[in-house]
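Participant: I am attaching a structure below and will ask some questions about it afterwards.
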Amino acid sequence: MDFDEFYRALERLKKDGETVNAYGGSEKDIDHPDGSVLNDIMEHICEKYPNERPIWMEAFYQVFNWQYSAMYEGLAGYYDNFYGESDYRKITATAEFLKENGYAVVAEQYISGIVECKRYEYPPEKRELAKKIELCVDWNTEPVWEFYLDILEKHRNYWNEIQWTKNE
């Protein structure tokens, strides 16, 4: 799927009144043909930008992984960098980006579970809070979906620019 197709899929989802999340895809119509577009975008990011990403792309990447973790495996693994993709530096940079760019609802949920800890050692006293955040994320997907739509639309023209810069 190319960039234009990503954006056409997002437009069709918006037109159809869908909300899409990182774990299950489209929520209203689980068989929506465009329901996996966020996963497709993530695959593209992982393939083309495995290490260095602009902060907006890193924020998309981190929020996607955070939402997926909240809905599937639990947030303790996200916050303690279980997979090596969400270290404290990336999490706090994402939190700052969310706050500074008007994503207050997402930022509030995202920030509430952050704690500096060693890999695989999320503090036991924070696990109850992480479970509460998971429930909130699971039942309140609209703000995160709006974040995805907004961040992708605001940076629609940056993909080719990034690719061009990368190939120099």
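The values are calculated or read from the model by the stated rules, or taken from the named source; none is laboratory data. Note that the structure is predicted; figures quoted are calculated from it, not measured. So basically every Cβ, Gly included, is an ideal-geometry build from the backbone, and we count neighbours across all protein chains shown. In case anyone asks, the SASA skips ligands and DNA or RNA and just uses the protein heavy atoms, side chains included. Shrake-Rupley method; radii C 1.70, N 1.55, O 1.52, S 1.80 Å.
Participant: Can you list residue pairs whose Cβ atoms sit under 6 Å apart, with the first residue in region 30-58 being of a type in the set (D, E, K, R) and the second being not in a helix (DSSP H, G or I)? Count only pairs 6 or more apart in sequence or on different chains.
Facilitator: Every condition considered, the pairs that remain are Asp40/Met1.
Participant: Something else now. Could you name every one of the helices (runs of 4 or more DSSP H) located completely within region 39-104 that has at least 3 residues being of a type in the set (A, V, I, L, M) and open to solvent by 40 Å² or more (accessible area, probe 1.4 Å)?
Facilitator: Numbers: elements: 55-71, 75-79, 88-100.
Counting at least 3 such residues, we get no helices (runs of 4 or more DSSP H) at all.
Participant: Can you confirm whether Arg156 is farther than 25 Å from Thr19 by Cβ and open to solvent by 40 Å² or more (accessible area, probe 1.4 Å)?
Facilitator: Working: farther than 25 Å from Thr19 by Cβ: no; open to solvent by 40 Å² or more (accessible area, probe 1.4 Å): yes.
No.
Participant: Next question. Condition test on Tyr120, is it within 20 Å of Leu38 (Cβ to Cβ), open to solvent by 40 Å² or more (accessible area, probe 1.4 Å), not in a helix (DSSP H, G or I) and not acidic (Asp, Glu)? Talk me through it step by step, then tell me what you get.
Facilitator: Values: within 20 Å of Leu38 (Cβ to Cβ): no; open to solvent by 40 Å² or more (accessible area, probe 1.4 Å): yes; not in a helix (DSSP H, G or I): yes; not acidic (Asp, Glu): yes.
No, not satisfied.
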